[in-house]
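Novice: What follows is a structure written as structure tokens; I'll ask about it next.
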Amino acid sequence: MRALLGLIFSVLLLAPPSWAQNVGALPPFIQQQANVPILHEGARIQPVYSQHGMVVSADKYASQVGQNILMQGGNAVDAAVAVAFTMAVTMPRAGNLGGGGFMLVYDAKNKTTRAIDYREKAPLAASANMYLDENGEVDENLARFSYKSAGVPGTVKGMELAFRLYGSLDWQALLDPAIHYASNGVRVSQSLAESLQKKAAHLWKSPAARKVFFKQDHFYSAGDTLYQKDLAKTLVTLAKEGADAFYKGDIATRIALDMKKNGGLITMQDLAEYQAVLREPLVGYYRGYKVLSMPPPSSGGVHLIQMLKALEQFPIQQQRWGHGSSDTMHVMAEVMRQAYADRSKYLGDTDFVSVPIKALMSDLYAIRTAKGISMASATPSELVEGGKFLPDESPQTTHFTIVDKWGNVVTNTYTLNFSYGSGHMVAGTGILLNNEMDDFVSKVGVANAYGLIGNEKNAIEPEKRPLSSMTPTLVFDADDQFYMALGSPGGSRIITSVLNVLMNVIDHNMNLAEAITAPRMHHQYMPDKVQVEKGFSLDTLKLLNHKGHTVEEVAPMGAVMAVKRAPKGQKGYVAFADTRRADAFVAVQTQPQDNNPLARKDMDWLSDLFE
Ligand code: GLY
């Protein structure tokens, strides 16, 4: 009997399944395969795919550092902290210890998003007219290239706060890669060499920066090794003593002394009192997607959501419109014009002034804005006395986006303002100083370096944060599942760079790589010009001229680093690092780790941090 049963079993086991007996039939896994491809082979350009974590930044060293942290079992915030410190070394034009920025963190387990504001703030001794000369005119050199142009730096506190909330590896381990690159050197890329040459006149004037960024009396060339020994010492101190070293300890003392010696305003008290702040992200909806972005003191989130809501009133996805049609570009220009006009009128640090955020992001206002747009002709921007545009200033903010294998996401933008900030380096520390104070309004009606104007809402006051355009953004689908994360540098064009890419994905159905590489357009009310990257149809640009727009071709705008979820039902993510940055890189986690989900910390103390 037993033998008979055995025979029956063997026959059953050996018998081919029914689909295999039918020549031409397909096995279930082929019949049931999802028919939504992740990569859509056939597109002109493809994003990078990963089943697990990804790090997208403007710097290859930094992306690889983040990747290593993920491979060690770190989460997205661990990787972000390591990436931010590394970029202060490997991409010193924008990565920083002496600047500030904004981070959004999506905690996949708890389905919550927090915004960390580590924007610089005005020193206690700052005052509204501090950059005006004896004739009442703005002294641009003072506002942009002096020690007085520095706000109290926020980056170190910002990273510490992110780490305290979410970090899972050792603090020291997150600083080790930066220490390694500062002391053992980084290979100078062509892009780094060129950026140093471009800013040479400013960097040469700072004795500490001259020592680091020049080879005696020569420029660094691609292939050279750049060592930053003082910065390495500073990072070692931070690794051992934590952020307090920067705000109260030895590093603070050095910053305060250097400030005093060189006419700067930042004191020990300013540093000791600096706090990174947890804020509620702004939320808006665009064609069924939920968009979360940065509240003031960044103007990014308000205006991104404001613009999206007004654009939603138009059938942009329809074929007759589409990417790059004159109708689409016209309404984008008109909506951007309105948003930047509102920026100049209403926006400032909400800890100091009231800002009509809800009204600007309301349905009613979106409908009113859309109704006010004539499809036939451009609405001329009002002339603003003193408004001017200085496109040669290099906005070298930088953005990185990270997702880990648990689905946690960090989207972070930080900056020194200009490339290498003011060009001044604090003696003995390797820390470059920001010139973020120029993001305040020094005089009503006079534009800052990005041509942005404003009023008393963004006037300088002690401890106030200058208005920013940084727009780290998260998007969720109608089921509240993570959809994409992105952000960009680009000064005043940050908000519109993010807008262009979001529309390319949501309205024009482009894959992430196409969406990021497609030519972008921008309008900021003043100057009254539609600024376009090379690549739009000349016929379209002529049609815009006929509607009354002045169209100007400008240098590439922004550098979007983004991650997007694979199509529903598929595992993993796609990412793309904007090719507008030569060293941009997507690093992919190839092995999952299971032991470090986000939010390991005791969160009881957290409620005190909310405003
Ligand atoms: N410094 C540029 C910005 O914050 O918008």
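The values are calculated or read from the model by the stated rules, or taken from the named source; none is laboratory data. Keep in mind that what you see is a predicted model, and the values were worked out from it rather than measured. FYI the Cβ positions are ideal-geometry reconstructions off the backbone, even for glycines, and counts take in every protein chain you see. Just the protein is used for accessible areas: all its heavy atoms, side chains included, with ligands, DNA and RNA removed. Shrake-Rupley method; radii C 1.70, N 1.55, O 1.52, S 1.80 Å.
Novice: Any residue in segment 474-493 that is open to solvent by 30 Å² or more (accessible area, probe 1.4 Å) sitting within a Cβ distance under 9 Å of a residue that is basic (Lys, Arg) and more than 16 Å from the ligand (Cβ to nearest atom)? List the pairs, counting only those 6 or more apart or interchain.
Specialist: 478/290; 479/568; 480/111; 480/290; 481/565; 481/568; 493/520
Novice: For residue 103, state whether it is touching a helix residue (DSSP H, G or I) at 6+ places or on another chain (Cβ under 9 Å), among the hydrophobic types (A, V, I, L, M, F, W, C), surrounded by 24 or more Cβ atoms within 10 Å (Cβ to Cβ) and within 29 Å of residue 450 (Cα to Cα).
Specialist: Yes; evaluated as a whole, the condition is true for this residue.
Novice: How many residues does segment 520-552 hold that are charged (D, E, K, R) and closer than 29 Å to residue 345 by Cβ?
Specialist: So the answer is 6.
Novice: Here's a follow-up. Looking at 292, 278, 304, 271, can you tell me which residue is within 21 Å of residue 159 (Cα to Cα) and in a helix (DSSP H, G or I)?
Specialist: After ruling out the rest, the residue left standing is 271.
Novice: Under the condition of being open to solvent by 10 Å² or more (accessible area, probe 1.4 Å), over 17 Å from residue 497 (Cβ atoms) and among the hydrophobic types (A, V, I, L, M, F, W, C), which residue from segment 296-335 is farthest from the ligand (Cβ to nearest atom)?
Specialist: Among those residues, the one meeting the criterion is 321.
Novice: If a residue has to be more than 10 Å from the ligand (Cβ to nearest atom) and either open to solvent by less than 20 Å² (accessible area, probe 1.4 Å) or free of Cβ contacts under 8 Å to residues at least 60 places away in the same chain (or both) to count, how many in segment 443-452 make the cut?
Specialist: Residues that pass the stated criteria total 4.
Novice: For segment 574-592, enumerate the residues that are modelled with pLDDT under 95 and open to solvent by less than 50 Å² (accessible area, probe 1.4 Å).
Specialist: Answer for segment 574-592, where residues must be modelled with pLDDT under 95 and open to solvent by less than 50 Å² (accessible area, probe 1.4 Å): just 589.
Novice: Which residues, counting only those in segment 551-573, are open to solvent by 10 Å² or more (accessible area, probe 1.4 Å) and either over 16 Å from residue 37 (Cβ atoms) or among the aliphatic types (A, V, I, L, M) (or both)?
Specialist: Residues satisfying the conditions are 551, 552, 553, 554, 555, 556.
Novice: Conditions: (1) over 14 Å from residue 336 (Cβ atoms); (2) more than 21 Å from the chain's Cα centre (by Cα). Residue 491 meets all but one. Number of the miss?
Specialist: (2)
Novice: Restricting attention to segment 248-295, which residues are over 30 Å from residue 236 (Cβ atoms), among the hydrophobic types (A, V, I, L, M, F, W, C) and free of Cβ contacts under 8 Å to residues at least 40 places away in the same chain?
Specialist: Of everything in segment 248-295, just one residue is over 30 Å from residue 236 (Cβ atoms), among the hydrophobic types (A, V, I, L, M, F, W, C) and free of Cβ contacts under 8 Å to residues at least 40 places away in the same chain, namely 283.
Novice: Here are some residues: 245, 252, 256. Which one is small (Gly, Ala, Ser), open to solvent by 10 Å² or more (accessible area, probe 1.4 Å) and not in a loop (DSSP other than H, G, I, E, B)?
Specialist: The conditions single out 256.
Novice: Restricting to segment 411-424, count the residues that are open to solvent by less than 10 Å² (accessible area, probe 1.4 Å) and either more than 14 Å from the ligand (Cβ to nearest atom) or small (Gly, Ala, Ser) (or both).
Specialist: Matching residues across segment 411-424 total 5.
Novice: Suppose we filter segment 93-119 for residues that are more than 16 Å from the ligand (Cβ to nearest atom), basic (Lys, Arg) and in contact with a Gly (Cβ under 9 Å, 6 or more places away or on another chain); how many remain?
Specialist: Qualifying residue count, segment 93-119: 1.
Novice: Residue pairs, Cβ under 7 Å, 6 or more apart or interchain, first in segment 354-366 and free of Cβ contacts under 8 Å to residues at least 40 places away in the same chain and under 19 Å from residue 313 (Cβ atoms), second of a type outside the set (Lys, Arg) and in a helix (DSSP H, G or I). List them.
Specialist: 359/365
Novice: In segment 321-362, which residues are among the acidic types (Asp, Glu) and outside any loop (DSSP other than H, G, I, E, B)?
Specialist: Scanning segment 321-362 gives 327, 334, 342.
Novice: On the basis of being more than 16 Å from the ligand (Cβ to nearest atom) and not polar (S, T, N, Q), does residue 122 make the cut?
Specialist: In short, no.
Novice: Taking segment 125-149, which residues are within 16 Å of the ligand (Cβ to nearest atom) and more than 18 Å from residue 458 (Cα to Cα)?
Specialist: Answer for segment 125-149, where residues must be within 16 Å of the ligand (Cβ to nearest atom) and more than 18 Å from residue 458 (Cα to Cα): just 145.
Here's the yes/no breakdown for (1) more than 15 Å from residue 163 (Cα to Cα); (2) of a type outside the set (S, T, N, Q); (3) crowded, with 24+ Cβ neighbours inside 10 Å:
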{"site": "66", "(1), (2), (3)": "no, yes, yes"}
{"site": "85", "(1), (2), (3)": "no, yes, yes"}
{"site": "90", "(1), (2), (3)": "yes, no, yes"}
{"site": "96", "(1), (2), (3)": "yes, no, yes"}
{"site": "107", "(1), (2), (3)": "no, yes, no"}
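Novice: Identify the residue in segment 425-442 that is farther than 27 Å from residue 136 by Cβ and assigned to a loop (DSSP other than H, G, I, E, B) and, among all such residues, is farthest from the ligand (Cβ to nearest atom).
Specialist: So the residue we want is 428.
Novice: What's the total number of residues in segment 156-167 that are touching a helix residue (DSSP H, G or I) at 6+ places or on another chain (Cβ under 6 Å) and either surrounded by fewer than 19 Cβ atoms within 10 Å (Cβ to Cβ) or part of a helix (DSSP H, G or I) (or both)?
Specialist: Number satisfying all stated conditions: 5.
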